[in-house]
Amino acid sequence: MTTNDRAVQPESDARAPSTNPKQSPLTVIRAAVVGTIVEYYDFGIYGYMATTIAALFFVSDDPTAALLGTFAAFAVAFFLRVPGGIFFGHIGDKYGRKNALSWTILLMVIATAGIGLLPTYVTLGVWATSVLVLCRCLQGFAAGGELGGANAFVSESAPTRWRATQTSMVNTGTYIGSLLASLCALALNSVFTDEQILSWAWRIPFLLSLVIGGVGIWIRNRLDDTPEFKELEDKGETKKLPLSELLSTSGGSVVKIILLGALITGGYYIASVYAATYLRTEGGQTSQAAFLSTSLALVLGVITLPISGYMADRYGRKPVLFAGSFAAIVLGVPMFMMMAGGTLWQAVVGQSVLFIAVSVVNGASYVTYVEMLKTSVRYTGLALGNNTTNMLLGGTAPFIATYLISLTGNPLAPAGYFVFCAVITFATVFFVTETKGTELKTE
């Protein structure tokens, strides 16, 4: 049977009937999105509170050195995402997507609330900094199993013709989580004085994780596993070592996922987490203005993602990936010039345009990843590929951007990093096979 034949084949014939009742798409999407919101709120709040954390845990006479130390700890967590992705990918591919996704939230909540309870450097000295980094590493380990697993879960439950649209909605959870973190930081800076924040109020955003995390855990525990995984399990075709199977049969696909994800990882952290700091240090904005701009950019990103997914379902994955990455290449430097312009409207427009370009690519990326991999290694492949890119280009982005300005004295230096990530994605799309309308690979 050819690819085109599979594309028009009725879905009822595409996979063996299951004795388990099918969950509604709304239930599946809600569970994936809520869990992803929790994970990315927890993971992002550290970045948005970077200047405060620098003052409390990375004490230095040089503010730039303290900020670099904070962003270094931000980056360290991304190195733990790879082993975290392998660990949770193994659980997800061998024992079920639901089991892995429930544990990722629990670990993330423990780590984030732990930061909120930590004594500061003044009380514990270097031990406070060490435990902070340890909590951050646990956050990274948990985050490593989240996004790939959530996308595998939704894509395996989605109808073929709407797979990109429904998968793109999972990634709205990453933006909404970051948006909540940004709004929380904005509220904190609006309600409390700098003295109050440094004294005690900085803990509030981290302790809120207990509330939103509890909701996410409750929703995910009520799920059933996906039809694709249940069928694999019923046939006894789960792999003993999914990672070994992945590398021996789908290594080329993993490399493409790593390269294709350059813009939606490196570009994402430059346009969101780092930009909130950039607008203050280089754009002359107040904390409130910087967080307001970031929040508006994230709202536009949330709107753009499902539109991009819909366009990928209608016109194909590759045209959308080309369009978004090309826009990022062309607009990267001009938009950074606007962000450094000094007015609020320039900050909002510059950051929002960058973020929309990233979101266009993001809306079509994960469905493309999913369709490269077979069911037995899909969770592991998504987690390994996505987290490797995050480790190499995402987590290091704020640190590199800050260092580039320090090294060159040029406030536009981070734009070069953003464009570099976009070029990698654009070039990789040429080597990706169009998969619009095809059934997911089983073997």
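Is at least one residue of the stretch 48-58 in a loop (DSSP other than H, G, I, E, B) and touching a residue at least 60 places away in the same chain (Cβ under 8 Å)? Working first, answer last.
Narrowing the stretch 48-58 to residues in a loop (DSSP other than H, G, I, E, B): 49, 58.
Subsequent filtering for residues that are touching a residue at least 60 places away in the same chain (Cβ under 8 Å) retains 49, 58.
Yes: the stretch 48-58 contains one or more residues that are in a loop (DSSP other than H, G, I, E, B) and touching a residue at least 60 places away in the same chain (Cβ under 8 Å).
Within the stretch 127-143, is even one residue in contact (Cβ under 8 Å) with a residue 40 or more places away in the chain, surrounded by fewer than 20 Cβ atoms within 10 Å (Cβ to Cβ) and more than 22 Å from Ile217 (Cα to Cα)?
Within the stretch 127-143, one or more residues are in contact (Cβ under 8 Å) with a residue 40 or more places away in the chain, surrounded by fewer than 20 Cβ atoms within 10 Å (Cβ to Cβ) and more than 22 Å from Ile217 (Cα to Cα).
Out of the residues in the stretch 93-113 that are more than 26 Å from Ser157 (Cα to Cα) and out of contact with any Ser or Thr (no Cβ under 6 Å at 6 or more places or on another chain), which is most open to solvent (accessible area, probe 1.4 Å)?
Filtering the stretch 93-113 down to residues more than 26 Å from Ser157 (Cα to Cα) leaves 109-113.
From what is left, the residues that are out of contact with any Ser or Thr (no Cβ under 6 Å at 6 or more places or on another chain) are 110-111.
Values: Ile110: 97, Ala111: 2 Å².
Among them, the one singled out is Ile110.
Can you pull out every residue in the stretch 114-126 that is part of a helix (DSSP H, G or I), modelled with pLDDT of 90 or more and open to solvent by 10 Å² or more (accessible area, probe 1.4 Å)? Reasoning before the result, please.
Of all residues in the stretch 114-126, those part of a helix (DSSP H, G or I) come to 114-117, 121-124, 126.
This time we only want the ones that are modelled with pLDDT of 90 or more, so: 114-117.
Within the stretch 114-126, Gly114, Leu117 meet the criteria.
Within the stretch 374-403, track down each residue that is crowded, with 24+ Cβ neighbours inside 10 Å and outside any helix (DSSP H, G or I).
Gly395, the sole residue that qualifies.
Only one of (1) closer than 29 Å to Val34 by Cα; (2) buried (at least 21 other Cβ atoms within 10 Å of the Cβ); (3) of a type outside the set (D, E, K, R) fails for Pro227. Which number is that?
Of the numbered conditions (1) closer than 29 Å to Val34 by Cα; (2) buried (at least 21 other Cβ atoms within 10 Å of the Cβ); (3) of a type outside the set (D, E, K, R), the odd one out for Pro227 is (2).
Look through Val361, Val302, Val333 and report the one residue that is at pLDDT below 95, part of a helix (DSSP H, G or I), within 20 Å of Gly266 (Cα to Cα) and of a type in the set (A, V, I, L, M, F, W, C). Spell out how you get there, then give the answer.
Values: Val361 fails: at pLDDT below 95; Val333 fails: at pLDDT below 95.
It is Val302.
Under the condition of being open to solvent by 10 Å² or more (accessible area, probe 1.4 Å) and out of contact with any Leu (no Cβ under 9 Å at 6 or more places or on another chain), which residue from the stretch 76-92 is modelled with the lowest pLDDT? If you could, list the steps in order and put the result at the bottom.
Let us first name the residues in the stretch 76-92 that are open to solvent by 10 Å² or more (accessible area, probe 1.4 Å), namely 76, 79-80, 82-83, 86-87, 90-91.
Applying the additional criterion that residues be out of contact with any Leu (no Cβ under 9 Å at 6 or more places or on another chain) yields 76, 79, 83, 87, 91.
Values: Val76: 79, Phe79: 85, Pro83: 94, Phe87: 95, Ile91: 94.
For the stretch 76-92, the residue satisfying everything is Val76.
The values are calculated or read from the model by the stated rules, or taken from the named source; none is laboratory data. No experiment lies behind these values; they were computed from the predicted model shown. Note that each Cβ is placed from the backbone with ideal geometry, even for glycine, and that neighbours are counted across all protein chains shown. Ligands, DNA and RNA are stripped out before the accessible areas are found, and what is left, the full protein with its side chains, is counted by its heavy atoms. Shrake-Rupley method; radii C 1.70, N 1.55, O 1.52, S 1.80 Å.
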